[in-house]
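To keep things clear, I will list the structure first and then write my remarks on it.
The values are calculated or read from the model by the stated rules, or taken from the named source; none is laboratory data. It should be emphasised that the depicted structure is a prediction, and the values quoted were computed from it without experimental measurement. Every residue, glycine among them, receives a Cβ derived from its backbone with ideal geometry; neighbour counts consider all protein chains shown.
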Amino acid sequence: MVKTIIVGAGAISYCHAEALTKLGIKIIGIYDINRESATKLATLYSTFVIDDFELAVKEADIVHICTPPSFRIQYAKIAMEAGCHVVMEKPMAITLKDAEILNALMKKNNRKLMIDFNHRFRYGFQRLLDIVKSGVIGDVINVYVNRMGMLGENAGTKKDTWRRNLTTVCGMSIESLSHDIDMIIQLAGPIASVKADIRGTYEDIPQFDNNVNVCFNLKNGAMGLINASWSSYLKSSSRGIIGTEGSVVLDGDDLFDFSRLRLRTKDMAHEEIYMLNDIYNFATCPSYYNANKYFIECILNDLNPSTSGEYALSTLKVSHAILESAKSQQTIQL
């Protein structure tokens, strides 16, 4: 039986614990610097609270690191040097230097490192991607993401949430746009340059950007756009592609809801509408199951995950280019 340890017992760890249980992966323990949080998760999934991570990891095959991104290197180093493969939430790190260290650890210890860009494992996005890859809409001319909502409604409004804690803050461009950057790369290919503007609504936390507009040029000649907000009192979501032969859009009523897919090609008299009802909910969303199943298959078949550490570093470079562009008001080449 494959055995794992979960490091970090925040909200996202429950998604992984549920998925791992359904997959038959044995969770041999939970480690968190807050023992109360670890105990709560461990009790729910009938496992143990770990006090000595360095000792416990010797019994594991995988370590799931669900901490804030600024606290991952220390756990990844211990895990990989003990022979474990590692899963991390995105982004893999806040700084490019930390991401490079993580990749160096992966190579030195010959371990697999997967970064969970979770939305790529959802049914709605897979439907969108399949349409683009089929060629039915022709070559991609324009790819865009618009998503609006209020972060406080799903992550707490207190300043002590890790996203707005001065010791762990990284802002929307790094922490959340990684999903959208990943989607754009999958749909339309590598990004060549970015021009961005960012704003934040917390004056006492200037590094916490929560409104972002980004224009992209892609290496295949297409263009792209991300327009995102964590401070909108109205919610919406749409991800679309305009092609030479047709257009397709995946939309919903919240930041990451993929409720409906609309498609029209030049040969259609009317658009086709598919109700997908792919609502993003921690308790019911199957994408964590899909992501963990995929990683287990990569381990068993000795395959490099498509969302490896090296790939995640490339998306993090785009996030840093967004911040650099916003600061300099210049287009940044990648």
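Return the residue satisfying two criteria in turn: it lies in segment 172-227 and is of a type in the set (D, E) and in contact with a helix residue (DSSP H, G or I) (Cβ under 8 Å, 6 or more places away or on another chain), and of such residues it is nearest to C66 (Cα to Cα). Give the steps one after another, and end with the answer.
Our first condition is that a residue be of a type in the set (D, E); within segment 172-227, this holds for 175, 180, 182, 197, 203-204, 209.
Applying the additional criterion that residues be in contact with a helix residue (DSSP H, G or I) (Cβ under 8 Å, 6 or more places away or on another chain) yields 175, 182, 197, 209.
On the way: E175: 13, D182: 19, D197: 29, D209: 22 Å.
Step by step, filter segment 172-227, then rank; the result is E175.
For A104, only one of the following conditions fails: (1) of a type in the set (A, V, I, L, M); (2) without any contact (Cβ under 8 Å) to a residue 24 or more places away in the chain; (3) in contact with a Phe, Trp or Tyr (Cβ under 8 Å, 6 or more places away or on another chain). What is its number?
(3)
Looking at L263, L255, can you tell me which residue is assigned by TED's automatic domain parsing to the domain that holds V318 and under 19 Å from the mean Cα position of the chain (by Cα)?
On the way: L263 fails: under 19 Å from the mean Cα position of the chain (by Cα).
Just one listed residue meets the conditions, L255.
Kindly check whether there is at least one residue in segment 266-276 that is surrounded by 18 or more Cβ atoms within 10 Å (Cβ to Cβ) and aromatic (F, W, Y).
No: zero hits.
Condition first: of a type in the set (S, T, N, Q) and out of contact with any Asp or Glu (no Cβ under 6 Å at 6 or more places or on another chain). Now tell me which residues in segment 230-268 satisfy that.
Passing the criteria: S231, S232, S236, S247, S259.
Could you please find all residues in segment 96-110 being surrounded by 15 or more Cβ atoms within 10 Å (Cβ to Cβ) and either among the aliphatic types (A, V, I, L, M) or within 21 Å of the chain's Cα centre (by Cα) (or both)?
Let us first name the residues in segment 96-110 that are surrounded by 15 or more Cβ atoms within 10 Å (Cβ to Cβ), namely 98-103, 105-106, 109.
Across segment 96-110, the qualifying residues are D98, A99, E100, I101, L102, N103, L105, M106.
This table checks each residue for (1) surrounded by 23 or more Cβ atoms within 10 Å (Cβ to Cβ); (2) β-branched (V, I, T); (3) in contact with a strand residue (DSSP E or B) (Cβ under 9 Å, 6 or more places away or on another chain); (4) in contact (Cβ under 8 Å) with a residue 12 or more places away in the chain.
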site: G10; (1), (2), (3), (4): no, no, no, yes
site: S13; (1), (2), (3), (4): yes, no, yes, yes
site: S37; (1), (2), (3), (4): no, no, yes, yes
site: T47; (1), (2), (3), (4): no, yes, yes, yes
site: C66; (1), (2), (3), (4): yes, no, yes, yes
site: S70; (1), (2), (3), (4): no, no, no, yes
site: K77; (1), (2), (3), (4): no, no, no, yes
site: V86; (1), (2), (3), (4): yes, yes, yes, yes
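With respect to Y233, determine if the residue is over 23 Å from F282 (Cβ atoms) and aromatic (F, W, Y). Give the derivation first.
Working: over 23 Å from F282 (Cβ atoms): no; aromatic (F, W, Y): yes.
Against the criterion (over 23 Å from F282 (Cβ atoms) and aromatic (F, W, Y)), Y233 does not qualify.
Which of the numbered conditions does T157 fail, given that it passes all the others? Conditions: (1) modelled with pLDDT under 90; (2) part of a strand (DSSP E or B).
Looking at each condition in turn, T157 falls short on (2).
I need the full set of residues from segment 3-14 which are at pLDDT below 95 and either over 13 Å from T39 (Cα atoms) or outside the structural domain of G83 (by TED's automatic domain parsing) (or both), in order please.
A11, I12
Would you say A192 is in contact (Cβ under 8 Å) with a residue 60 or more places away in the chain, among the aliphatic types (A, V, I, L, M) and surrounded by fewer than 23 Cβ atoms within 10 Å (Cβ to Cβ)?
Details: in contact (Cβ under 8 Å) with a residue 60 or more places away in the chain: yes; among the aliphatic types (A, V, I, L, M): yes; surrounded by fewer than 23 Cβ atoms within 10 Å (Cβ to Cβ): yes.
It is true that A192 is in contact (Cβ under 8 Å) with a residue 60 or more places away in the chain, among the aliphatic types (A, V, I, L, M) and surrounded by fewer than 23 Cβ atoms within 10 Å (Cβ to Cβ).
Out of segment 31-47, which residues are of a type in the set (A, V, I, L, M, F, W, C) and within 19 Å of A283 (Cα to Cα)? Steps first, answer last, please.
Here is the first cut: in segment 31-47, the residues of a type in the set (A, V, I, L, M, F, W, C) are 33, 38, 41-42, 44.
Across segment 31-47, the qualifying residues are A38, L41, A42, L44.
Please pick out the residue among L323, L303 that is closer than 23 Å to L23 by Cα, at pLDDT 95 or above and more than 15 Å from the chain's Cα centre (by Cα).
On the way: L323 fails: closer than 23 Å to L23 by Cα.
Step by step, each of L323, L303 is checked, and only L303 is closer than 23 Å to L23 by Cα, at pLDDT 95 or above and more than 15 Å from the chain's Cα centre (by Cα).
Within segment 268-278, is there a residue that is in contact with a strand residue (DSSP E or B) (Cβ under 8 Å, 6 or more places away or on another chain) and within 30 Å of W162 (Cα to Cα)?
Step one: of segment 268-278, the residues in contact with a strand residue (DSSP E or B) (Cβ under 8 Å, 6 or more places away or on another chain) are 268, 270-278.
Okay, now just the ones that are also within 30 Å of W162 (Cα to Cα), so 278.
Checking segment 268-278: at least one residue is in contact with a strand residue (DSSP E or B) (Cβ under 8 Å, 6 or more places away or on another chain) and within 30 Å of W162 (Cα to Cα).
State whether one or more residues within segment 320-328 are hydrophobic (A, V, I, L, M, F, W, C), assigned to a strand (DSSP E or B) and over 21 Å from V87 (Cα atoms). Don't jump to the end; show me each part of the working.
Within segment 320-328, the subset hydrophobic (A, V, I, L, M, F, W, C) is 321-323, 326.
From what is left, the residues that are assigned to a strand (DSSP E or B) are none.
Checking segment 320-328: not a single residue is hydrophobic (A, V, I, L, M, F, W, C), assigned to a strand (DSSP E or B) and over 21 Å from V87 (Cα atoms).
So which of V143, V132 ends up being buried (at least 22 other Cβ atoms within 10 Å of the Cβ) and over 17 Å from the mean Cα position of the chain (by Cα)? Steps first, answer last, please.
Values: V132 fails: buried (at least 22 other Cβ atoms within 10 Å of the Cβ).
After ruling out the rest, the residue left standing is V143.
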